Amino acid sequence: MNVPVDPKTLVAEMSPVSTSEQIATMKKALLKNIQRSAYVYRVDCGGCNGCEIEIFSSITPVFDAERFGIKVVASPRHADILLFTGAVTRSMRMPALRAYEAAPDPKIVVSYGACGCTGGIFHDLYCVWGGTDNIVPVDVYIPGCPPTPAATIHGFAVALGLLEQKLKAETHVEAAGETAALPHPDIPYALRVRLEREARRMAGYRQGRDIAEEFMALLEGHAHTPGSFSLSERMLEAIGEERDPRRAEIIGRLAEVVQQAIRGETP
Amino acid sequence: MLKLLKEIFRTGEATVKYPFAPMPVCKDFRGKPEHKAEDCIACAACTVACPANAIQMETDTAAGSRTWSINYGRCVFCGRCEESCPTGAIRLSDDFELAVGSKADLTRKAVFTLADCACCGKPFAPAKEVDYVARLLSQSARSAEEADRLRLTAATCPACKRAQDVHHIAGMGIARQMEAGLSKTGKPAKELETTP
């Protein structure tokens, strides 16, 4: 008998931790008038350690978070800021809650990395809680996979109320008669596809597209300003100007593709 | 001592000025995916490519709309959306300052309208996508007639196209198969007559 089981019945749902009003006002007072170092305790809730590496690189002399008094401590009992990394696996839930309870009030909880914010790429895995905010109340989210040290410093500045957050929720609604522009309308579609495919074959998806775009801009420039130059001379000039031999080779190959198309040859 | 001081002056300051001065990022840095909704045709290529399901689409045929949404909190900055985008509407920018206080600020949405099928009148695809495909096809059409025909094909839903194809093929096949059936058994096959 295969009776479908509702997975929610198998999990003991526990009420999320709530903060009292008194603690909320204490936290506000702390943020308004923090005149000392902010100690950070790092709670690893089952991450891949990429976030930890970035945290440690943000306290190195290059980024030097300690010049703002942000110091990583070894015990949650010393901490003002709790930094939760990882997607909160089942087995790390209790240790994470114990660390949260051990930190003295008022405490600031920062959710670090894509996994900490929403569960990231592991959001629908059977063994994770999918984000820090499912177990403790979170004050600041720092997304990134992993966040760069500069993003970490920005996140701490937002957590301590020194900087304003830049991101805002936005909804774009399609306007009446809105149309997407056709790329390179002067170049035949078949040729455009061949150029993009060849460039992407040689340089990879992203760089290939960039090179193909540049090349097609060159082609269109030729079409709009017919000067004394012939097309092949113009191509040779573009190849000659290119410093990077790999790019020069790709542009040379694209020029060949154009010549083939002009001669009517199929690849 | 003097040697040490000399060394210190030679090295200079290693710490970056970051929060007080903008942080320069390297070329091809993969930061926040910037979505230009004006160029987007809501084709869902990025939705399929996104490994973390940060980009999602919901189609509401009753309201005739398709909602595109990205959750920056779930994004792993791999750049697959940028690679798969046919119009270049989504591109990874240099922006890395994504920290927010509330989770709702991490999402961005774009609402697109659905086009009705030219045949059955039911909504089937985003109007911008249909328009884009029609223009792309008519760009490579040889005559104005062919362009009109291609535009009509692009504006027809897959179900209607299939029905038309079946009708067309069945119409072609009956005459041919009736000949074959008559020659073998002397009477036409029954089921062929019921095909639409």
Helices (runs of 4 or more DSSP H) completely within the stretch A:68-174 that count 3 or more residues being surrounded by 24 or more Cβ atoms within 10 Å (Cβ to Cβ): A:113-118, A:149-159
Pair list, Cβ < 7 Å and 6+ apart or interchain, from the stretch A:148-167 residues that are over 21 Å from A:ILE53 (Cα atoms) to residues that are open to solvent by 40 Å² or more (accessible area, probe 1.4 Å) and β-branched (Val, Ile, Thr): A:LEU160/A:ILE34
From B:GLU7, B:GLU58, B:GLU83, residue being of a type in the set (Asp, Glu) and within 22 Å of A:PRO183 (Cα to Cα): B:GLU83
A:ALA181 in a helix (DSSP H, G or I), within 11 Å of another protein chain (Cβ to nearest Cβ) and surrounded by fewer than 17 Cβ atoms within 10 Å (Cβ to Cβ): no
Qualifying residue in the stretch B:134-155 (condition: closer than 29 Å to A:ILE211 by Cβ and in a strand (DSSP E or B)): no
Pair list, Cβ < 6 Å and 6+ apart or interchain, from the stretch B:108-133 residues that are more than 15 Å from A:ALA175 (Cβ to Cβ) and within 11 Å of chain A (Cβ to nearest Cβ) to residues that are among the hydrophobic types (A, V, I, L, M, F, W, C) and in a strand (DSSP E or B): B:ARG108/B:ILE70; B:VAL130/B:ALA115
Residue check, B:CYS75 more than 25 Å from B:ALA134 (Cβ to Cβ), at the interface with another protein chain (Cβ under 7 Å from one of its Cβ atoms) and touching a Cys at 6+ places or on another chain (Cβ under 8 Å): yes
Single match in B:LEU106, B:LEU98 (criterion: aliphatic (A, V, I, L, M), in contact with a Phe, Trp or Tyr (Cβ under 6 Å, 6 or more places away or on another chain), under 24 Å from B:THR59 (Cβ atoms) and assigned by the TED database to the domain that holds B:MET23): B:LEU106
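For (1) within 14 Å of chain B (Cβ to nearest Cβ); (2) closer than 20 Å to A:GLY161 by Cβ, each residue gets a yes or a no:
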{"position": "A:LYS32", "(1), (2)": "no, yes"}
{"position": "A:ILE59", "(1), (2)": "yes, no"}
{"position": "A:GLY69", "(1), (2)": "yes, yes"}
{"position": "A:ALA99", "(1), (2)": "no, no"}
{"position": "A:VAL109", "(1), (2)": "yes, yes"}
Some residue of the stretch A:205-226 being open to solvent by less than 40 Å² (accessible area, probe 1.4 Å), modelled with pLDDT of 85 or more and of a type in the set (Asp, Glu): no
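The values are calculated or read from the model by the stated rules, or taken from the named source; none is laboratory data. Computed from a prediction, not measured in an experiment: that's the story for all the values here. Note: ideal-geometry Cβ built from the backbone for every residue, glycine included; neighbour counts use all protein chains shown. Side chains are part of the model used for accessible areas, which takes the heavy atoms of the whole protein and leaves out ligands, DNA and RNA. Shrake-Rupley method; radii C 1.70, N 1.55, O 1.52, S 1.80 Å.
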